[in-house]
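Here the structure is laid out as C-alpha cells; the discussion comes afterwards.
The values are calculated or read from the model by the stated rules, or taken from the named source; none is laboratory data. Quick caveat, the model's predicted, so the values are computed rather than measured. FYI the Cβ positions are ideal-geometry reconstructions off the backbone, even for glycines, and counts take in every protein chain you see.
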Amino acid sequence: MLPTIVIPPFSINLRTILQNKIDQKTKPLGSLGRLEALALQIGLCLNSSSPQLNKPCIIVFAGDHGIAEAGVSAYPQTVTAQMVTNFLAGGAAISVFARQHQLELIIVDAGVKADLVSHPQLITAKIAKGTANYLNQPAMTLKQCLEAIKTGASIVEHRIAQGCNTIGFGEMGIGNSSSATLLMHVLTTIPLSECIGRGTGLNDEQLHHKLTQLHKALKLHDKSLTPIDALACFGGFEIAMMVGAYMKAAEQRMLILVDGFIASAALLVASQLHQQVLDYCIFSHVSSERGHQALLAYFKSNALLNLDLRLGEGSGIALAYPLVQSAVAFLNEMATFAEAGVDDH
C-alpha cells in the first residue's frame, strides 16, 4: 500500500505579499524576467516572504536494470557500480559541481548489482541486485516497487530532520533511459519514437536496436497500466525511490530541483499519483534527450538552462543552483523604491 501523502496548496495571501515585494524592488516591473517568477515560486514552496535555502542537498539514487542484458546501452552494466565508487571518491561531474556550489551530496544504493564498500556519503538501501529484465517479466514485484517508494520517502524525511529544505534528485543506472522512455510512453501516450533517445551515446544502429527491444517489451505487457503498475513493470529501483522522494519532499514544503530525463520520468509517475507535486518543482535544465524536451512540454514547464546536457547524476541541478540563490538574494536583499529613495514613477 502506498504511503499516505497530503501535499499542501500554496497560500493565496502569501502569493500577493511576495508579488508586491518583487514589484517594489528598484527596477522596472518585470525587468528581472524569469528570475522574478523563480523568486515567487521559491517563496511559495518554502511558505515564506523571506525564504532561506537551508542545507541544500542532492541525493543520487543508483540501481541496475535487467534490460541492460539486451544491449540497450553503449556501456556495460558494471559501469553503474564503478560510477558509484567514482561519486564517493569525488571524481564524477556531480561530485565536482556539488563541491563547487557547497551542495551536500548523498549516494543511495537502491539496487546496484554489486556489493558496495561502506562510505559516509553512501546510504545502503538495496531492494535487490538489479531489476528483472522486462523483456521476460515485470522489472519488479509490486511489493518491491512499494518498498522502494517508501524507502525514497524515508530518506527524504531524514534529510528534513537534518534541517534541509532544498533538495534535488539525481540517478545512476545503466539502462535507465530505456525505463524512462517506456514510462513516458505508457503514461503520456506520446509515441515511443518521440520518447526514445541516445542515452549513453548510442549510434544510429544501436538506437534502432534499442527501439526494437522496447517495442518487444511493450508487446509483452498490458499497456493500460496504472502509474504504480507501469513503474513496477518498466521502472528501476532508483526511479521508484525518486517517486517516493518527490512526493515526501512536496508534502513537507521543500523546494525541489529536477534534473534531466530519468529524473523527470520519475516525477511523471509521482505527478500522476499527486498532481500537486509539480507546484514544488523547479526544472533545472532541458536535456538533449528528445524525450525530455517532449516531457517538459507535457508538463507545460520551462527549464532554467539549456546546455545540451544528457549526463544525469543531478548535474543539471548543481549547475542551475546559483540561479536559485540569485532569486532568493534579490528577493531578500535588493532595496525597494522607498528604502532607496528612488522615484517609482
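Points to keep in mind about this one:
- Qualifying residue in segment 2-25 (condition: at pLDDT 95 or above and touching a Cys at 6+ places or on another chain (Cβ under 9 Å)): yes
- Within segment 161-187, tally of residues that are assigned to a helix (DSSP H, G or I) and either surrounded by 17 or more Cβ atoms within 10 Å (Cβ to Cβ) or under 17 Å from the mean Cα position of the chain (by Cα) (or both): 12
- In segment 19-34, of all residues being assigned to a helix (DSSP H, G or I) and among the polar types (S, T, N, Q), the one that is surrounded by the fewest Cβ atoms within 10 Å (Cβ to Cβ) corresponds to Asn20.
- Condition met for Glu205 (among the acidic types (Asp, Glu) and within 23 Å of Asp109 (Cβ to Cβ)): no
- Scope segment 55-90; condition touching a residue at least 40 places away in the same chain (Cβ under 8 Å), part of a helix (DSSP H, G or I) and either of a type outside the set (Gly, Ala, Ser) or touching a strand residue (DSSP E or B) at 6+ places or on another chain (Cβ under 8 Å) (or both); matching residues: Ile67, Glu69, Val79, Thr80, Met83, Val84, Phe87
- Within segment 188-225, considering residues that are in a loop (DSSP other than H, G, I, E, B) and at pLDDT 95 or above, the one surrounded by the most Cβ atoms within 10 Å (Cβ to Cβ): Ile196
- Residues that are part of a loop (DSSP other than H, G, I, E, B), surrounded by fewer than 18 Cβ atoms within 10 Å (Cβ to Cβ) and among the polar types (S, T, N, Q), drawn from segment 284-312: Ser288, Ser301, Asn302, Asn306
- Selection over segment 289-313 of residues that are touching a residue at least 24 places away in the same chain (Cβ under 8 Å), closer than 17 Å to Gly199 by Cβ and not basic (Lys, Arg) gives a count of 9.
- Filtered residues of segment 268-283 (kept if closer than 22 Å to Glu147 by Cα, of a type outside the set (S, T, N, Q) and either touching a residue at least 60 places away in the same chain (Cβ under 8 Å) or surrounded by fewer than 24 Cβ atoms within 10 Å (Cβ to Cβ) (or both)): Leu268, Val269, Leu273, His274, Val277
- Positions within segment 78-107 being under 14 Å from Gly63 (Cα atoms) and surrounded by fewer than 21 Cβ atoms within 10 Å (Cβ to Cβ), in sequence order: Thr78, Val79, Ala81, Gln82, Thr85
- Consider segment 313-345 and keep the residues that are in contact with a helix residue (DSSP H, G or I) (Cβ under 6 Å, 6 or more places away or on another chain) and within 18 Å of Ala180 (Cα to Cα). The one that is surrounded by the fewest Cβ atoms within 10 Å (Cβ to Cβ) is Ser315.
- Only a single item in (1) buried (at least 20 other Cβ atoms within 10 Å of the Cβ); (2) under 16 Å from His185 (Cα atoms) is not met by Met242, and it is number (2).
- Single residue of segment 58-77 satisfying the filter (buried (at least 24 other Cβ atoms within 10 Å of the Cβ) and not small (Gly, Ala, Ser)) that is farthest from His215 (Cα to Cα): Ile58
- Under the condition of being among the aliphatic types (A, V, I, L, M) and either over 22 Å from Asn86 (Cβ atoms) or part of a helix (DSSP H, G or I) (or both), the residues counted in segment 96-145 number 9.
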